[in-house]
Amino acid sequence: GGGGGGGGCHRALLRRLLSSCVVSWGPDDGSGQLGRPAHRSKGLPREVPALSGKGVVACAPGGVQTFLTTAEGRLVILGPAGTARHPGGCRDHAKPKVYTTLKRQGVRVMAVGTGDMTSIAVDDRGQLYYWGPLPFPGGGPSAAPQRLDYQLPVATVVKRVACGATFAVVLGNAGEVFALGEFVDESINIPVGERDRWRITSPSSGALLESTGWPLPPEMLRDHGRVVDVSAGSAHTLFLLADGAVAGWGVGREGQLGMGLGQLSLQATPRLVEPLQGVPIKALAAGEKHSLFLAVDGAVWACGSNLHGQLGLGVYSADGLADLVREAVHGGDGRSAAVEGEAVPRNRFSPLPLRVDLLSGPCRLIACGGSSSAAVLSSGLVYHWGIIGSGQQSEAARGSDTERPIQVYGDLAPGGLTSQEGGRTILDLEASPRGNFFALCDAGGHHEAG
């Protein structure tokens, strides 16, 4: 997962979701973002009882809040409320709250996405709403969802809303892409005269956002097909194209775009992730400064920051990671393709996608938190790595970080909700910038193969 998805559920899927459940886990600091008091779960995956059977169809975890949409078009909030960063107002932070202002206005929310500081919702008329602590195109800082001066074309059916720190990308079912905001990386001092290079300026005129394939180059869409999915990190975006190719856009200074040793600067225009050529991808996920790619064969590939082991490669040190990158550059293990002859620096990040070989089988879902990652295997087992709160992991895990994928337990353990005995299937996996995870499970009664 990337940001919240939402538009156009198939009827059979909708029936399964109407009696669905949500399982959450992570290092919640007591904010209530997990939908229950943190001390009751001890970091383990647990079902959120208040959401069971409520018709939750999509989940978008943010910095300290989680936003969910229901089949009735309601926007539900988990977590604190009452400031520009946290709209609403309720003392019981862990209790799910319907955003009543939108409900009173008759607004039906079809999709929502949220990053650490930016939240965007889209209603059934294509109207965009924004809330967050920073100014945003078409609106200002707002404690509550405010209408932006932008509206999608009437025929647009929203598939996903992906939000970075200060930008948003809306994807339609037909491959339409709408983007607004700007790329900001707090670690980069941007000269005032270059600010426009970092600002997303749509070619649309007036209040109606128009998609002509922008920002992706026409030749890319011609050669690889339309955009079928999108995910946003703090200051980078990944696009999945119809033929399994991937394009990256935005900040890549820690290798999060996966474009190679010589491509660590800002990508002002989306470019293909060439090291993944020959590896068809079916899903992608962007963390704060790292990225995961799920291949058609179920293998997981990772690039970007490994400061907390979030790449899942079994190494922490710069030397260990440089050895893996060097092997990939020279094609010694088939992990990745790259231009030979470039020096491999000692960094705590990988500029190339490297295959995560430490998982116990093929995967079918992936998700990135800020500095953590998770995957659902075809077998139904769930693994997690990177920054991990105490109590979430097996007895073998050390501390709060792990560079190796380890199985999570609680309600997602063998014999739990998603086991053969429990009968439920994880339909979606999403993560917050703070590393809290959410699994949306169906009503049960059948099983899916990966």
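The values are calculated or read from the model by the stated rules, or taken from the named source; none is laboratory data. All figures in this text were calculated on a predicted structure; none of them were measured in a lab. Note that each Cβ is placed from the backbone with ideal geometry, even for glycine, and that neighbours are counted across all protein chains shown. To get the accessible areas, we keep the full protein, side chains included, count just its heavy atoms, and leave off ligands, DNA and RNA. Shrake-Rupley method; radii C 1.70, N 1.55, O 1.52, S 1.80 Å.
Quick rundown of the values:
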quantity: Area accessible to solvent at Lys54, 1.4 Å probe radius, in Å²; calculated: 120 Å²
quantity: Three-way shape label, segment 235-339, alpha-carbon gyration tensor, a/c 1.5; calculated: rounded
quantity: Residue-level accessible surface for Thr101, protein heavy atoms, 1.4 Å, Å²; calculated: 50 Å²
quantity: Sorted peptide list for 370-377, 280-287, criterion being average Cβ within 10 angstrom, highest first; calculated: 370-377, 280-287
quantity: 20 Å Cα-Cα threshold exceeded, pairs from Lys54/Lys95; Lys95/Lys289; Lys97/Lys289; Lys159/Lys289; calculated: Lys95/Lys289; Lys97/Lys289; Lys159/Lys289
quantity: Net length gained if the chain between His330 and Ser317 were fully extended (0.36 nm per residue, minus Cα distance); calculated: 2.6 nm
quantity: Stretchable slack from Lys95 to Ser360, in nm (0.36 nm times residue separation minus alpha-carbon distance); calculated: 91.8 nm
quantity: Environment charge of Gly225, counting only residues whose C-beta is closer than 13 Å and scoring Lys/Arg +1, Asp/Glu -1; calculated: -2
quantity: Cβ-based net charge around Ala439, under 12 Å, with every Lys or Arg adding one and every Asp or Glu removing one; calculated: -3
quantity: Projected label distance in nm at Glu72 and Gln127, using a 7 Å step from Cα toward the beta-carbon; calculated: 2.0 nm
quantity: Kirkwood Rh, Cα atoms: Rg over Rh of segment 100-184; calculated: 0.94
quantity: Global form of segment 274-324, assessed from the alpha-carbon gyration tensor, a/c cut-off 1.5; calculated: prolate
quantity: Two-decimal ratio, segment 219-291, of alpha-carbon radius of gyration to 2.2 N^0.38 Å; calculated: 0.99
